[in-house]
1. Along the charge dipole of chain A, pointing to its positive end and built from +1/-1 on Cβ of Lys, Arg, Asp and Glu, which listed residue (A:THR118, A:TYR52, A:LEU387) has its Cα farthest out?
2. Which percent, to the nearest 5, of DSSP beta bridges fully inside the range A:18-221 are antiparallel?
3. Please state the shape class of the range B:248-437: rounded when a/c is under 1.5, otherwise prolate if a/b exceeds b/c and oblate if not, all from the C-alpha gyration tensor.
4. If you place +1 on the Cβ of every Lys and Arg, -1 on the Cβ of every Asp and Glu, and leave all else neutral, what size is the dipole of the protein assembly as shown about its Cα centre, to the nearest 20 Debye?
5. Beyond 28 Å, what share of the Cα-Cα pairs of chain A remains, rounded to the nearest whole percent?
6. With charges only on Cβ, +1 for K and R and -1 for D and E, what is the dipole size of the range B:108-254 about its Cα centre, in debye, rounded to 20?
7. When we measure straight from the Cα of B:LYS74, which lysines land under 21 angstrom away, once same-chain ones fewer than 8 places off are left out?
8. Take chain A, connect every pair of alpha-carbon atoms lying under 10 Å apart with a spring to form a Gaussian network, then pick out the residue of A:THR279, A:THR79, A:THR307 with the largest mean-square fluctuation.
Amino acid sequence: MTSPNTPQRHPMPSPDTIVTHTLPNGLRIYVYENPTVPAVVVDGALPFGSVYEPPELNGLAALTAAMLRRGTRTHSFDTLNETLDALGASIELTGGRHALDIYIQCLSEDLSYMLELTAQMLREPRFPPDEFERLKQQTLTRIQERYNDTRAMAFLAFRRLLYGDHPYGRPVTGEKDTVSRVTLEHVRAFYRQHLTPQGGQLVIVGDVRAEAVIQRVTEVLGDWHGPNLDTSLPPVERPKAMRAAHIPMEDKSQTDIVLGWLSLPRNHPDWTPLVVANTLWGQFGMGGRIGDRVREKEGMAYYAYSTLEGNFAPGMWAAAAGVAPENVTQTISILLEEARRLREEPVTADELEEVQSFLVGSLPVRLETNEGLASVIGDMAWYNLGLDYLLTYEARVRNVTAADIQRVAHMYMDPDNYVLATAGPQAEVTPVQEAQVP
Amino acid sequence: MNRKQQSIPTQLAPALAESQTVTRVQLDNGLTVVLREMHTAPVVSVWMWYRVGSRNERPGYTGISHWVEHMLFKGTPKYPPGSYDRLISREGGVFNAMTWLDYTAYFTTLPAAKVDLPLDIEADRMVNCLFAPEEVERERTVILSERSMYENRPTFVLSEEVQSTAIKVHPYHHETIGWPTDLRTISRDDLYNHYRAYYSPNNAVLVVAGAFHTETMLEKVKTYFASIEPRQVPQQPIPAEPPQRGERRVIVRGAGDTAYLQVAFHAVAATHPDFFPMVVLDAVLGGAKSFGGGGASNRSSRLYRALVMSGVAADADCWIGPTIDPYLWWFDLTLNEGQPLEKGEAMLWQEIERLQNEPITPEELTKAIKQVRAHFIYGAESITNQARWLGFAEVVTSPKWLAEYLDRVAAVTREEVQRIAQTYLRRDQATVGWYIPTGQNTSPIVEHNGGKDTP
């Protein structure tokens, strides 16, 4: 324990403090020792996901991932639940867009057993038919709930408009008709053809000894081999003109708006300037410039902010707000005005400095917990940002200039050709009609 | 199987129970100060708690505590509206505020070297908020919009009906956000008077947790807060809820294809001895939750096994939380398509009756206690959480209550759990709510300009 008068140094995750090891099957292991409390988080990712599923079976990857947790050769779903709950531990396997996400939380003393159980789920799933039927029913109920959720529907419609037929345009959970179509045979085949340690990673953070953990992972996963996965993706086409949609949901009290564009792949050189621009537009303080106008000045919304997402292919850059139907038109105008301002007016030195200080200064808060540490290390590894990413992060953020922000805003934010989705009660002037006015 | 049956060693319980690591003093003006020095990350978390929430509201003024919370970001002579957001963010901090039944709390977590900023802000806004009329009006529509966001969720609409039916007299009757009519009529002066009445050092608790030296921090805290004058805080009696004389039922109809069931029973105050067996029974039925929110897996719990494993429900949960006065013990089901509400409800009653008729197994008791313990440890890792727990306990229960929490949970017996089920989970003490979906918004109809590029 640290004595009260000698605060311990707080090392940053870096090539010096992250222990790495690659198994012969291609699985990479990253361990960061953090003995704060006797607990561990494992944050892993294997190449997998909805981008590899056929469009008519949208939701297949997510169902397959969830089925791994529903019984192994030696343990039924019920036994697994009983075992994990008795230890206050959890293992979650989730199918994402590009990955099978692995998340383990447990006390340090149970890690060895958790890794063994996780390995069984990945390597020897049982795929019980009764569990499959239950999972499908639960998934259908969740989708049904989504159809009645204005914010979820606005984002879903936005994604469809933005990406068209590209796999990024589909919801990871699937749709009612596509999920209904999936059979257990589809799941078994998808598992056989796609799940592989090659190119995957496990990030382990907490009160552990790196050497011992690496040895344990080697024991349980070292001799696992999967198929060769073709990870190529169809190119994403940038919309060349306005796209807009409204989802009528008459029973609702307010309308959700999502307006935006394509962003960039996560490892693009313009990523950092784009992060700074997005922070200005809709993140800093209470929702950046957007929050300042829509919420603070106009009092029109409880939430108004922007979000920036990057992946292997270009993600989305969008503003979102929930407002009364009669305020939809005005809110859209404000979002667009603030986009124009970002392109046309150089940001003042003060404002730029503020945003840079926020991005740099908030790092210790993000790294406060095992979960936060594991997620940051996981991103550095997954997107090949380099394990020294945090060491160079401050310089990269500080190097962004006012001109850089205008440049990326000009390149990636076109206030005349944008994608707009609204979901909620119909306004008197529909946003679609409004939006089509050039 | 059962490779793991050893218990989690007691010494792993978070250092919260070690009173020497927590310093607690009361300043002359009545402000309670709690300092938790911990050097796990170069971060501090500052929490300012006020003993005021929807519990202190009267009819016609519901939602006023939450609205005052919003106004505390809206300007003092020293800090103009919106300036905290900038000042805290530019130091890399995160901040927020929350209002609930028993309390209003404000927190900032930021790099340790910047701790003066939140201390100065909290001391200043305890007394100097302006409540400018134009800011009050702008915030009125923001809060109505916040309410609209909740109303868009079927489960909120249902729970508001169930809560206000289960509790008729005590101010826990209404949701913290308040009724829309009150949100339209509360005036600037109403808000200001509420603020002046409850925001004073003798009605507040300041918690600082993180990387600092306790003695230095205490001096710092005194510099900012010691000169604030105490004031008389209203001591109006809070009406007790009269006994319920029979089952109550409500039906809500709304959009969607999904049916929801909520059943609420009367719980006890957090300081009542029956609270701890209730926590254990809640964990057996619906899985343990971390203290102050956040759920564990509940997939080996009785409700999950009975209702989800049978395919009747997509989700089955229950919730009980520590409150000053008796609030509610909630049971929630999300029904799968084609599964009638009657069936879900009947199965829920079956599970409850089973608990009344026979004690839980020794294994279930052990598991529930272990889960509660493990979630304490996970939560203890975060400095922000530790500060939150300490302040919450001061306002809602007592430091002793928090220090003894794990031991009191561990001391619960199977017989006590059975008695709790028999005493509190009675049909004549239940309020049952059904959300019947009308079938609107049942598919993703996207009306758009073809999804194609238009000129």
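1. So the residue we want is A:TYR52.
2. Taking every DSSP beta bridge with both residues in the range A:18-221, the antiparallel ones total about 80 percent.
3. prolate
4. That gives a dipole near 600 debye.
5. 56
6. The calculated dipole for the range B:108-254 is roughly 500 debye.
7. A:LYS297
8. Fluctuation is largest for A:THR79.
Bear in mind these aren't lab numbers, they're just calculated from the coordinates by the rules spelled out. This one's a predicted model, so the numbers in the text were calculated from it and none came from an experiment. Cβ: placed from backbone, ideal geometry, glycine included. Neighbour counts: every protein chain shown.
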